[in-house]
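Written out below as structure tokens is the structure these notes cover.
The values are calculated or read from the model by the stated rules, or taken from the named source; none is laboratory data. On a predicted model such as this, the values are computed, not experimentally measured, just so you know. A quick note on method: Cβ atoms are made from the backbone with ideal geometry, for glycine too, and the neighbour counts reach across all protein chains shown. Remember, those area values only see protein heavy atoms, side chains included, never the ligands or the DNA or RNA. Shrake-Rupley method; radii C 1.70, N 1.55, O 1.52, S 1.80 Å.
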Amino acid sequence: VALRNTQQAAGLVRSLGDLALLDEPGFRLDAMTMDVGEVLDDIVLRFAERAARQGVALAHEPLGTLRPMASIDVELFERAVANLLDNALAFTPSGGRITVSSGVDGERARVDVADTGCGIAEAELPRLFDRYYQARTTTAPAGSDGGKGLGLAIVKRIAELHGGTIDVTSRLGAGTTVSLRLPRR
């Protein structure tokens, strides 16, 4: 119990440090133009074993034929998508599915992380990206790492630093889709 509590406290400190760094006025992205879909393939591979252990199907599916090219800081982009996948895995039961989609949406590269989990009440959605906020109706189930209310705030900040946006749609009992849109290059 002590080790688990220490690990959770260390994770909280890391997340707070990450947010402080991302909020620094002088912070600059180490960006390069890349095919977002290729980066997502790698991230999905990293999460595949964990998803399989949980009995959750995980796949990356391209949307359309245009390559979603964007100028991204790969490390930060991977962190954002990893946070989204962590959340999706925490709330998707065995037998469920998580789909990571990538494509082009007008002048934006689009990434969607959709799950068939428990969903989020509509009243909770406006505050979902606020720091330290956790939806009351979807608190992480027992046995998960639990939330700190910082993961989605970090994702939002990373999207903003890239000149992008993030939004979420959800229905209780039917799952959640988080959409990240970044300027195309």
Of the residues that sit in the range 140-172 and are part of a loop (DSSP other than H, G, I, E, B) and at pLDDT 90 or above, which one is farthest from the chain's Cα centre (by Cα)? 172
Residue by residue through the range 87-117, note down the ones that are among the charged types (D, E, K, R), more than 14 Å from residue 164 (Cβ to Cβ) and open to solvent by less than 30 Å² (accessible area, probe 1.4 Å). 115
Within the range 44-59, the count of residues that are buried (at least 19 other Cβ atoms within 10 Å of the Cβ) and touching an Asp or Glu at 6+ places or on another chain (Cβ under 9 Å) comes to 2
Qualifying position, being at pLDDT below 85 and closer than 16 Å to residue 162 by Cβ, among 21, 84, 16: 21
Conditions (1) open to solvent by 50 Å² or more (accessible area, probe 1.4 Å); (2) outside any loop (DSSP other than H, G, I, E, B); (3) of a type outside the set (S, T, N, Q): number failed by residue 181: (1)
Report, by residue number, each residue of the range 156-178 that is open to solvent by less than 50 Å² (accessible area, probe 1.4 Å) and touching a strand residue (DSSP E or B) at 6+ places or on another chain (Cβ under 9 Å). 158, 159, 162, 163, 164, 166, 168, 170, 175, 176, 177, 178
